Amino acid sequence: MQHCRMTATVPLSKRGSLTLPPQMRRKLGLDKLRHPMLLVEERDGGLFLQPAMTLPVRDIPKKKILQWIAQAKRI
């Protein structure tokens, strides 16, 4: 389990947008990406954010896709 190392309070716009402070973007490597994305999960009443990336489906092995489908059916 990871522990919080950096904390910041950020405003949330009416449209749901938020801006991460520059030091957080740098630490996560988001400042180096052309189109940075985050995976957002709800956990225990809070939000968990982590760097994400897109990958064309054609580049994902069929075996991996079938594993994801099987996992989703178990949930």
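The values are calculated or read from the model by the stated rules, or taken from the named source; none is laboratory data. As the structure is a prediction and not an experimental result, all values here were calculated from the model. Backbone-built Cβ (ideal geometry, glycine too); neighbour counts: all protein chains shown. Accessible surface is based on the protein model in full, side chains and every heavy atom, while ligands, DNA and RNA are left aside. Shrake-Rupley method; radii C 1.70, N 1.55, O 1.52, S 1.80 Å.
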Of (1) touching a strand residue (DSSP E or B) at 6+ places or on another chain (Cβ under 6 Å); (2) open to solvent by 80 Å² or more (accessible area, probe 1.4 Å); (3) β-branched (V, I, T), T7 fails just (1)
Just give me the residues in the range 20-75 being of a type in the set (F, W, Y) and in contact with an Asp or Glu (Cβ under 8 Å, 6 or more places away or on another chain), in sequence order. F48
Enumeration of residues in the range 48-75 that are in a helix (DSSP H, G or I), under 21 Å from the mean Cα position of the chain (by Cα) and at pLDDT 90 or above: D59, K64, I65, Q67, W68, I69, Q71, A72
Among (1) open to solvent by less than 60 Å² (accessible area, probe 1.4 Å); (2) of a type outside the set (A, V, I, L, M, F, W, C); (3) within 12 Å of the chain's Cα centre (by Cα) - the single one E42 does not satisfy: (1)
